[in-house]
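**Q** Sharing a structure below in structure tokens format, with a few things to ask.
The values are calculated or read from the model by the stated rules, or taken from the named source; none is laboratory data. Treat the numbers as computed from the prediction; the structure is a model and nothing was measured. When we count neighbours, we look across all protein chains shown, and the Cβ atoms used for this are built from the backbone with ideal geometry, even at glycine.
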Amino acid sequence: MPHIQSALSTIRDTTQAFREVSVQLHADPALILFFASTVHSFEQLTILFRETYPNCEVVGVTTTGEIGPQGFSDQSLSVQSFAQEFGQIEALLIDNIEKYPIFDRNKLMHSAGKLGIRVESEQINKEGLALIFPTGLVAGEEKMLSIVNSIFHHDGFPIFGGTAGDDAKFVQTTVSLNGWQSSKGGVVVFIKPNLDFYIQKENIFTSTGITLKITKADAEKRIVYEINHEPATKAYARALGISEQQLPQYFMTNPLGRRFNEELLIASPFQVEANGALAFYCQVFQDAVVELLEPKDPVQTLQNTLVEFTSKFDKLEGVLACNCILRKLQFQEQRLFPALNNQLSQLPNLAGFSSYGEQLNKSLINQTLLLIGFGKRG
């Protein structure tokens, strides 16, 4: 049996869906990740997985769309199991990520140390990796990322993750670890894998060449008040050549891009606030210069992404994916799922979910697809 197994059920009865996926997983895994639509009882799934797999780390995440062996799915249950031979694994549940993640710093250091991850290493990128799954709607992702990164003496420890969703209800998201649930916390999974891994980031946008300066913002609250010294909605709409009233229709197709070392990270607005301010899904800092973006062809972009991604491996055994909710909504609107799934289904043992934000190393980003593959690299 391979090191990684994935399964997906579209049965809406929670017990039957669990039974359908569990027979396709490792009998005695080291780690289980399950991603569940809100059509299921998350509490019931948490109990079922914990009782059936008492000797491994079991991580659960609520979603706004699932990803399984055949690609994108909805109102389903996606699961991925990792064999004991996959590597060493240590998971930790952090609560109150929006207020007090600092209290868990020593626990994070202890968990990393148990695996032999040397936090002081100058080659920290070779010490392992972490998967992180914060809850959404509490604006705690950046704080959680910061506290995880703070335990390392040098930059570069690989971190991959996605924010829990709730099927676009925007009421409450939940994560769980080994039977314990939290709606204001996050799970960190430290891994010392015996397989090679590679992380690929895809966005379906390119710069229009138009730059804007954030001249008044509250990064903590994720609100931009002014762009180019005028109300944010006014400047944003002018750059697009539209009226302020039309602006919300363009959030999905024309987000803003932040450049770090020539890498484009997407910041997506989601709501117009009072007095022409804009609320974003991630932090946007005052005095930052951002670029107005426009879309590329999603199907062609994914084809290029997967060619590059799979070429990194001699043998690819399994893939974990986090896809932004805004991409999912765009693909739904444009009826692209069949064409995209035709490509995604070629990846072995694929699992994952559509998220309220994606985490890559030190950054929370939006409108991005993240893939992490495990196998043997050339």
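**Q** How many residues does region 85-114 hold that are surrounded by fewer than 16 Cβ atoms within 10 Å (Cβ to Cβ) and not charged (D, E, K, R)?
**A** 7
**Q** From the list V307, V319, V289, V299, which residue is of a type in the set (A, V, I, L, M) and touching a helix residue (DSSP H, G or I) at 6+ places or on another chain (Cβ under 7 Å)?
**A** When all the criteria are applied, what remains is V299.
**Q** List pairs: first in region 231-255 and within 18 Å of L326 (Cα to Cα), second of a type in the set (D, E, K, R) and part of a helix (DSSP H, G or I), Cβ under 9 Å, 6+ apart or cross-chain?
**A** Listed by first residue and then by second, the contacts come to M252/R327; M252/E333.
**Q** Another question, if that's okay. Would you be able to say whether some residue in region 153-165 is within 25 Å of H26 (Cα to Cα), polar (S, T, N, Q), in contact (Cβ under 8 Å) with a residue 60 or more places away in the chain and assigned to a loop (DSSP other than H, G, I, E, B)?
**A** There is no residue in region 153-165 that is within 25 Å of H26 (Cα to Cα), polar (S, T, N, Q), in contact (Cβ under 8 Å) with a residue 60 or more places away in the chain and assigned to a loop (DSSP other than H, G, I, E, B).
**Q** Still on this structure, I have one more. Restricting attention to region 12-33, which residues are among the aliphatic types (A, V, I, L, M) and either without any contact (Cβ under 8 Å) to a residue 40 or more places away in the chain or closer than 19 Å to I89 by Cβ (or both)?
**A** V23, L25, A27, A30, L31, I32, L33
**Q** It is to be established whether one or more residues within region 168-180 are over 27 Å from A219 (Cβ atoms), assigned by TED's automatic domain parsing to the domain that holds A321 and in contact with a Gly (Cβ under 6 Å, 6 or more places away or on another chain).
**A** Yes, region 168-180 has at least one match.
**Q** Given the conditions (1) assigned to a loop (DSSP other than H, G, I, E, B); (2) farther than 22 Å from T163 by Cα, which single one is not true for T38?
**A** (2)
**Q** Which residues, counting only those in region 1-30, are among the hydrophobic types (A, V, I, L, M, F, W, C), out of contact with any Gly (no Cβ under 8 Å at 6 or more places or on another chain) and under 18 Å from I67 (Cα atoms)?
**A** Once the filter is applied, which keeps residues that are among the hydrophobic types (A, V, I, L, M, F, W, C), out of contact with any Gly (no Cβ under 8 Å at 6 or more places or on another chain) and under 18 Å from I67 (Cα atoms), region 1-30 yields I11, A17, F18, V21, L25.
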